[in-house]
Amino acid sequence: MAVSADDPTAQWKAKVCLVGGTGVGKTSLIRRYVQDAFDDQYLITLGTKVVKRVVELEFPQVGSVRVDLTLWDTMGEEFLRPTLFDTVLGGAKAVVVVVDVTDPRTLAPMNAWIDLSRQVSAETPIQILLNKSDLPPSKDVLVEALEVGRQKNAPCYMTSAKTGNNVVSAFEDLARRIAAKTYGERDDGLDPVGKQIISHAASRERTLQDFLILTRLPTTILQAHLEMLVGRGRLRIVSLDIGPDGCPVIKYTAGTAPTPSATTPLTPGPMQRP
């Protein structure tokens, strides 16, 4: 059933927290995403700042979906993290962990924030942004961030707030993951495309490109399908890497959850407000 983006049942509010060490570029990423601007001057964020941006998506069996992202920009000081994390992360629908791809010292805050996020909610989607990709990267940062991403099911993006590289893609991918998780929790039915994808993944590991060839769906629609199937346990992520374009390269295989014989259409409802 297609739902207009003007329909209030298809308009969701989602709190998204940007966390990470001091100076990794959280504020600059938000400014680039929301205002398409960049400032070389570094200013420490005091407390938490909140900005908003709307993402319009097309979703399988639903149609147009509007996700109102409320982006929480947090300070990175180490000594303040224990007193802030519950307030900052409480009610979050997703967490963006930002790392300075040139600086191995920002790996410790990355790991700490991911652990804190999992304490608050084991199921909240996490995205890792390896920022400052316009500069030569540290191999240590790349290796550890990818390993953590594999373990935590957290896709990794190479981003640059300065050039804008992959900033919009990373946030819109996150909005899609939020919507897919919500739909996946509401309904366990599978449409013919979902069944086709699972069958294809049962024979060997498959990539997004494999499924594009199979289904001939637009990339964004296919990605939404895959996110829902992963959330329901129908697909399983077996490897995660970063491609030449700085975007995640994910391989999937069939999950262990049984495939239902009947298909139930998805109908959107109001997302719980953070």
With Rh as the Kirkwood radius over Cα pairs, the stretch 190-254 has Rg/Rh of 0.93
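If packing is taken as the average number of other Cβ atoms within 10 Å across a peptide's residues, how do 90-96, 25-31 rank, most packed first?
Descending packing order for the listed peptides: 25-31, 90-96.
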A correct fewest-to-most ranking of HIS225, HIS200 by other Cβ atoms within 10 Å would be HIS200, HIS225
Dividing the mean separation of Cα pairs under 8 Å (6+ apart) by the residue count of the stretch 190-254 yields a relative contact order in percent of 39 percent
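Fewest Cβ neighbours within 10 Å first, please rank LEU129, LEU208 accordingly. Write out the running numbers ahead of the final one.
On the way: LEU129 30, LEU208 18.
Lowest count first: LEU208, LEU129.
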As straight-line cross-link partners of LYS139, the qualifying lysines (C-alpha separation under 28 Å, not fewer than 8 residues apart within one chain) are LYS26, LYS152, LYS162, LYS251
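Every read-out reported here was derived from the displayed coordinates using simple, explicitly stated rules and does not represent laboratory data. For clarity, every value in this text was computed on a predicted model and none was experimentally measured. Neighbour counts run over all protein chains shown; Cβ positions are idealised from the backbone, glycine included.
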